[in-house]
1. Which residue is least open to solvent (accessible area, probe 1.4 Å), if the candidates are limited to segment 70-86 and must be more than 16 Å from residue 114 (Cβ to Cβ) and in contact with a strand residue (DSSP E or B) (Cβ under 8 Å, 6 or more places away or on another chain)?
2. Can you say whether residue 172 is within 30 Å of residue 252 (Cα to Cα), among the aromatic types (Phe, Trp, Tyr) and either open to solvent by 30 Å² or more (accessible area, probe 1.4 Å) or not in a strand (DSSP E or B) (or both), as far as the supplied structure shows?
3. Can you find even one residue in segment 118-136 that is part of a helix (DSSP H, G or I), open to solvent by less than 10 Å² (accessible area, probe 1.4 Å), more than 16 Å from the ligand (Cβ to nearest atom) and of a type outside the set (Ser, Thr, Tyr)?
4. Of all the residues that make up segment 48-95, how many are more than 30 Å from residue 301 (Cβ to Cβ) and in a helix (DSSP H, G or I)?
5. List every residue pair whose Cβ atoms lie under 9 Å apart, where the two residues are 6 or more positions apart in sequence or sit on different chains, the first residue falls within segment 8-22 and is touching a residue at least 60 places away in the same chain (Cβ under 8 Å), and the second residue, located anywhere, is among the polar types (S, T, N, Q).
6. Within segment 222-234, is there a residue that is under 29 Å from residue 105 (Cβ atoms) and touching a Gly at 6+ places or on another chain (Cβ under 9 Å)?
7. Going by the conditions given, is residue 97 surrounded by fewer than 14 Cβ atoms within 10 Å (Cβ to Cβ), out of contact with any helix residue (DSSP H, G or I) (no Cβ under 8 Å at 6 or more places or on another chain) and farther than 26 Å from residue 242 by Cβ?
8. In segment 30-67, which residues are surrounded by fewer than 18 Cβ atoms within 10 Å (Cβ to Cβ) and among the acidic types (Asp, Glu)?
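The values are calculated or read from the model by the stated rules, or taken from the named source; none is laboratory data. Just so we're clear, the structure is a prediction, and the values are computed from it rather than from any experiment. With ideal geometry, Cβ positions are generated from the backbone for all residues, glycine too; neighbour counts draw on all protein chains shown. Only protein heavy atoms, including side chains, enter the accessible area calculation; ligands, DNA and RNA are left aside. Shrake-Rupley method; radii C 1.70, N 1.55, O 1.52, S 1.80 Å.
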Amino acid sequence: MEEKIKSLQERLNRYNYEYHVLDAPTVPDSEFDKLLRELIELEAEYPEYKSDTSPTVRVGGEILDRFVKVAHDTPMLSLGNAFNEEELRAFDKRVRDNAGEVEYVCELKIDGLAVSLKYVDGVFVQGATRGDGTVGENITTNLRTIRAIPLTLKEPMSFEVRGEAYMPKHSFQRLNEARTEKGEALFQNPRNAAAGSLRQLNSRLAAERHLSIFLYSVNNFTGLDAGTQDEALRALDDLGFKTNKERRKVGSIDEVIDYIDHWTTHRAELDYDIDGIVIKVNDLETQEQLGYTVRSPRWAVAYKFPA
Ligand SMILES: COc1nc2nc(N)nc(N)c2nc1C
């Protein structure tokens, strides 16, 4: 019986990965739902085989009476901002005066909630909000309901990844339609809806909000053979994480500006809100050479769209 339950757990976790990370399901929803119902029943009958890495945790259920504070191993920094081309070129000049010629990676800045995910021996063990950058809130049970977050990795690695949890636009519209029918207050925007959902003490409510996530950085790169941000993102893909595919590696600030112009025009076509573009020096050693101010990396800047 243990074998049957374990293989069902692995099979459903793989189906979640295909659907929510690859956006390429190999079975119809009806098949997934049938198998999940079967697993829920089997785990109810044999609770000794339930575990935090079983896909049944996605539906939530545990109700906390409060969130426990958790200190980040390394601070979750904020980004310096640039609001126009002149400030972008000033950033580029500072970088090149210090580090010479560099490549940049341009990434969409998702308008969601920054979160940190900790894995030990390939198992998702803790998730936290950014909080004040030094101390956040432990929202592990709610983050386990985000189907795009792998509960186990393909390799037994231990590290921390950071990214942005968000609510897709179509989920936001559906949620507010449902709240209108129930005469409940509406959420102002997907970012508030995502933050509100992840602050639910009852994870069943978070599970119903169809949140997703894009991961964008790894802490302590040890064990990850990545020399650049672009390679680190590809390594995250290979480990089963969802990263944003619209990123682009460029060789000059002019190409950065072209990328920004493109998304200034086309961001309405995305199924999620973005509030800017993050530009990062690609080479990780050069990032360390440029270092940090007290609050932000000197090797990155966030271009913010006009409000
Ligand atoms: C390296 O630090 C960061 N990188 C980021 N990357 C993306 N794509 N989006 C962010 N919001 C972001 N925020 C921070 C602090």
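1. From segment 70-86, those more than 16 Å from residue 114 (Cβ to Cβ) are 82-86; that's our starting set.
Restricting the remaining residues to those that are in contact with a strand residue (DSSP E or B) (Cβ under 8 Å, 6 or more places away or on another chain) gives 82-83.
Working: 82: 1, 83: 120 Å².
Here the residue is 82.
2. Details: within 30 Å of residue 252 (Cα to Cα): no; among the aromatic types (Phe, Trp, Tyr): yes; either open to solvent by 30 Å² or more (accessible area, probe 1.4 Å) or not in a strand (DSSP E or B) (or both): yes.
The answer is no for residue 172.
3. Let us first name the residues in segment 118-136 that are part of a helix (DSSP H, G or I), namely none.
There is no residue in segment 118-136 that is part of a helix (DSSP H, G or I), open to solvent by less than 10 Å² (accessible area, probe 1.4 Å), more than 16 Å from the ligand (Cβ to nearest atom) and of a type outside the set (Ser, Thr, Tyr).
4. Of the residues in segment 48-95, 7 are more than 30 Å from residue 301 (Cβ to Cβ) and in a helix (DSSP H, G or I).
5. Close Cβ pairs satisfying both conditions: 13/53; 13/54; 13/152; 19/26; 20/212.
6. Applying the first criterion (under 29 Å from residue 105 (Cβ atoms)) to segment 222-234 yields 222-234.
Those left that are additionally touching a Gly at 6+ places or on another chain (Cβ under 9 Å): none.
No - not one qualifying residue is present in segment 222-234.
7. Values: surrounded by fewer than 14 Cβ atoms within 10 Å (Cβ to Cβ): yes; out of contact with any helix residue (DSSP H, G or I) (no Cβ under 8 Å at 6 or more places or on another chain): yes; farther than 26 Å from residue 242 by Cβ: yes.
Taking the combined requirement at face value, the residue satisfies it.
8. The answer is 31, 33, 38, 41, 45, 48, 52, 62, 65.
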